Amino acid sequence: MEKSNSSKELNSEPNSFNWDYLGSDLTELILSHLPIRSIVRAASVCKLWNSIIISSSFSTRVSASKKPWFFLYGQNNIFLKNNQAFAFDPEANEWIKLPTTLFQCSKDFFIGSNGFFFTATSENFSFAPILKGSWRETSPLRFSRCNPLVGVFNDGSKVPMFIVVGGVRFIGGLVDIEDRLAVEIYNPYVDSWELCPPLPADFRSGSSSQWLSSALFRGKFYVFGIYSCFISSFDLNKHLWSDVQTLRPPGLAFSFLISCQDRLILAGLSNGPHGPSFNLWQIDEKTMEYTEIAIMPQGLLYCLFDSDEDDKFASLKCVGLDNLVYVFNEEHHSNYPACVCEIASASGKCSWRRVPNLSVPVNPFHKVISFCSTISLENILGGEGEEIGPGQAIY
C-alpha cells in the first residue's frame, strides 16, 4: 500500500520542523517566556522572529512580565578603569557583565530606579534609560546635593516624573547637616524642577542615601532610616509629608524598606535569643504595624561571610522590587555573595535561594551601589553594542 504524498513529505525530513506551522501568535507566546537575553538572540534567527520581537506590543508585553534585575555597580575612587558593573537576571539565573560605557562615572552620585540610571555632581543631574546609554542632562537642581534618594513615578500621564529627596551638600569642603534640602520633582517634558517641602527635621543628622532607604508605594514616597528606624511618607499628589513614626521590631539592628507588589516590606538584621537572623516583616502602611513573614535560613545567612568578627553583619545590604528581595555582602568576599527571597503573590509564601557567584574576576571597590529595576526590552533592542554572551555586555 502506497503512502500518501503528505505522509511522504512529513517523513522525508524526520529531524526538521517548520516553525511556520505554529503561527505568529503561538510563536510570540513561546518567545515571550524566554529570558530577555535569549529573546535578543532570537531576534537574529529569522525574519519572522525578528518582526515579532521588535514590535512594540511584544516589547511592552515582555517588559511588563519579566522580573526586575539586580544591579551591582562598583566604584574605585583611585582608578576609574577598575569600575565594574553587573546585572543579575533572576529568570535566567545568571550574572551579566555590563559595559562601563553605559555609565557616567561620577564620584558624587550614581543610582538606578524603575527603568532609569541617574548620576549627579554638585553642578548637574543626568538620567538615561537603563541599558540604553543615551544620557540627558536636566536643568540644574535648585539645591546641589550628594547622595540623595531618587524615585520614578507617573502622575497619571505617560511621562515619568523623578523625585529627589534628601542628600547632603558641601560648604567649604564640609558637610552641611543643618540644611535639610527641599524635595525636588522633575518633569522631563518641560525640563523643570518643582520645589516641595524638605524631609522632616527628624532626618536631619542622616539625610543621605547612606543612612536612608526608600520605597514608592501606592502614590507615596516612603523614607526610612536604616539605623534610626524613623519613617515618613511624602504624598506625591498633595506634596505633603506624614508625621514621623518609629518602626523598630524587637532586636532590630538595621533594616531596609522595600516595595513588593502589593506589600510594603521591612527587611533587616535582628538580634534574637538564638543569635542574629535576617527577617522580613510586612508593614501595614496605615497603622505602621508589622507582621513577620520570613526568616532567612541560618546556613544561607552565614554563607555570605568568611569571618567570625562580631561586626561582620554590618556589611549586609538589601534591595528589592516586585516580589524579589536581595541580600548581599558589600565587602569584597567571594565576589560579593548574595541571596534572594521570592515572595509568592497569592499566598505570600517566601522561598530563599543562593544567587550564583560572579563568574568573572571582580575588583575590590571603595563603594558598591546596588538597586533593583525593571528592564525594558525596547531599550535593549534599540541600543548599540555587542550581543550578550557569558560575561559580556548586555547587547
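Where a number appears in this text, it was derived from the coordinates with a stated rule and is not lab data. What you are looking at is a predicted structure, and each value in this text was computed from that prediction instead of being measured. So basically every Cβ, Gly included, is an ideal-geometry build from the backbone, and we count neighbours across all protein chains shown.
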Exercise for review: Give me 224, 305 ranked fewest to most by other Cβ atoms within 10 Å of their Cβ, as a rough exposure proxy.
Suggested key: 305, 224
Check your understanding: Quick one: if you stick a label point 7 Å off each Cα along the C-beta vector at residue 33 and residue 344, how many nm between them?
Key -> 2.0 nm
Review point. Given the options 167, 251, 225, which has the most mean-square fluctuation in a GNM of the chain, springs set between C-alpha atoms less than 10 angstrom apart?
Key: 251
Practice item. Tabulate in residue order the Karplus-calculated ³J(HN,Hα) for the range 110-121, using 6.51 cos²θ - 1.76 cosθ + 1.60 with θ = phi - 60°, rounded to whole Hz; enter x for Gly and Pro. Key: 8, 7, x, 7, 6, x, 9, 8, 9, 9, 8, 10
Practice item. Jot down the radius of gyration and Dmax of the chain, Cα atoms only, both in angstrom. Key: 23.3, 97
Point to revise | Dipole of the chain [Lys/Arg +1, Asp/Glu -1 at C-beta], most positive-end residue of 160, 92, 298 | key: 160
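Taking the Cα centre of the range 150-302 as the origin, how large is its charge dipole in debye, to the nearest 20, when only Lys and Arg (+1) and Asp and Glu (-1) carry charge on their Cβ atoms?
Working: 10 positive and 15 negative charges, 45 e Å.
Dipole of the range 150-302, to the nearest 20 debye: 220 debye.
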Point to revise | Between 0 and 90°, nearest 10: helix 56-65 axis offset from the chain longest Cα axis | key: 60 degrees
Review point. What residue among 273, 99, 197 shows peak mean-square fluctuation when the chain is described by a Gaussian network model with Cα springs under 10 Å?
Key: 273
**Study point:** Globularity index of the range 267-381, i.e. its alpha-carbon radius of gyration over 2.2 N^0.38 Å
**Key:** 1.18
Review point. What nm value, rounded to one decimal, do you get for the distance between residue 139 and residue 366 when each label is placed 7 Å out toward the C-beta?
Key: 3.4 nm
Review point. Hey, fewest Cβ within 10 Å first, where do 312, 66 land in order?
Key: 312, 66
Practice item. Give a residue-ordered list of calculated ³J(HN,Hα) values for the range 186-195 (Karplus: 6.51 cos²θ - 1.76 cosθ + 1.60, θ = phi - 60°; whole Hz; x for Gly, Pro). Key: 9, 10, x, 5, 10, 6, 9, 10, 10, 7
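Can you give the helix-only mean residue ellipticity at 222 nm for the chain, where every DSSP H stretch with n ≥ 4 adds -39500 (n - 2.57) and the sum goes over all residues, rounded to the nearest 500 deg cm²/dmol? Working shown, then result.
Values: 7 runs with 53 residues, N = 395.
That comes out to -3500 deg cm²/dmol.
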Review point. Regarding the range 17-59, what are the three Cα extents along the principal axes, ordered largest first, in Å?
Key: 24, 18, 18
Check your understanding: Using just the C-alpha positions of the range 188-318 as equal point scatterers, what log10 of I(q)/I(0) does the Debye formula give at each q in 0.13, 0.17 1/Å?
Key -> -0.60, -0.93
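Using r as the Cβ-Cβ distance of residue 64 and residue 306, and R0 as 30 Å, what FRET efficiency do you calculate, to the nearest 0.05? If you can, show how the numbers build up before the last one.
On the way: r = 40 Å, r/R0 = 1.32.
The value I calculate is 0.15.
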Exercise for review: List, in order, the whole-Hz ³J(HN,Hα) value for each residue of the range 76-81 obtained from phi through the Karplus relation with A = 6.51, B = -1.76, C = 1.60 and θ = phi - 60°; use x for Gly and Pro.
Suggested key: 10, 6, 9, 10, 4, 5
Exercise for review: Would you kindly state how much longer the chain becomes between residue 91 and residue 78 on full extension, computed as 0.36 nm times their sequence separation minus their alpha carbon distance, in nm to one decimal?
Suggested key: 1.2 nm
Practice item. For the chain, build the charge dipole from Cβ charges (+1 Lys, Arg; -1 Asp, Glu) around the Cα centre, then report which of 119, 278, 328 sits farthest towards its positive end. Key: 119
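Can you tell me the order of 50-61, 337-348 when each peptide is scored by its average per-residue count of other Cβ atoms within 10 angstrom, highest first?
Taking the mean over residues of other Cβ atoms within 10 Å, the ranking is 337-348, 50-61.
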**Study point:** Max mean-square fluctuation residue, GNM over the chain, Cα-Cα springs under 10 Å, options 156, 268, 74
**Key:** 156
Revision key, fill the gap. For residue 169, the residues 5 or more places away or on another chain with a placed amide H closer than 5 Å to its own amide H are 146, 176
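Sorting 146, 303 on the 10 Å Cβ count, fewest up front, what's the list? Don't jump to the answer; show the numbers that get you there.
Numbers: 146 19, 303 14.
Fewest to most other Cβ atoms nearby, the residues stand as 303, 146.
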Check your understanding: Dipole of the chain, Cα-centred, from +1 at each Lys and Arg C-beta and -1 at each Asp and Glu C-beta, to the nearest 20 debye?
Key -> 200 debye
